[in-house]
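The values are calculated or read from the model by the stated rules, or taken from the named source; none is laboratory data. Just so we're clear, the structure is a prediction, and the values are computed from it rather than from any experiment. Positions of Cβ are backbone-derived with ideal geometry, glycine not excepted, and every protein chain shown enters the neighbour counts.
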Amino acid sequence: MTHQDSSWQSQNPVSSAQNSVDNVHNAVSHAMTHPTPQTIQEAQNAITQAERAIAQAKAHHDQPAVQQAQDSLNQEKSRLQSIQ
């Protein structure tokens, strides 16, 4: 991958949404293994950021990747709810 490809991908709203959901997964997993108010808050913050990224991606792209990111985010929200 060239530097230009890397820059384009990092600015792509769909990639940003997918990366945000990956961050949610990591934050929720951490909160599940170490359930403290801080880790739960970090997971909630990651969810908020991912919701914004998905909304932005939906505004520019209506494709299966955006829906998959939304579905994954919904699953992570359910996982987090299980420890609250």
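Of all residues in the stretch 30-49, count the ones that are without any contact (Cβ under 8 Å) to a residue 12 or more places away in the chain and more than 12 Å from the chain's Cα centre (by Cα).
6
Here are Ser16, Ser29, Ser82, Ser78: which of them is buried (at least 16 other Cβ atoms within 10 Å of the Cβ) and hydroxyl-bearing (Ser, Thr, Tyr)?
Working: Ser29 fails: buried (at least 16 other Cβ atoms within 10 Å of the Cβ); Ser82 fails: buried (at least 16 other Cβ atoms within 10 Å of the Cβ); Ser78 fails: buried (at least 16 other Cβ atoms within 10 Å of the Cβ).
Answer to the check: Ser16.
How about the stretch 44-70: which of its residues are under 12 Å from Val21 (Cβ atoms) and of a type in the set (Gly, Ala, Ser)?
If the condition is that a residue be under 12 Å from Val21 (Cβ atoms) and of a type in the set (Gly, Ala, Ser), then Ala46, Ala50, Ala53, Ala57, Ala65, Ala69 are the ones that fit.
Among the candidates Ser10, Ser29, Ser20, single out the residue that is at pLDDT below 95 and assigned to a helix (DSSP H, G or I). Talk me through it step by step, then tell me what you get.
Details: Ser29 fails: at pLDDT below 95; Ser20 fails: at pLDDT below 95.
Step by step, each of Ser10, Ser29, Ser20 is checked, and only Ser10 is at pLDDT below 95 and assigned to a helix (DSSP H, G or I).
May I ask you to list the residues in the stretch 50-63 that are surrounded by fewer than 18 Cβ atoms within 10 Å (Cβ to Cβ) and either in contact (Cβ under 8 Å) with a residue 12 or more places away in the chain or assigned to a helix (DSSP H, G or I) (or both)?
Within the stretch 50-63, Glu51, Arg52, Ala55, Gln56, Lys58, Ala59, His60, His61, Gln63 qualify.
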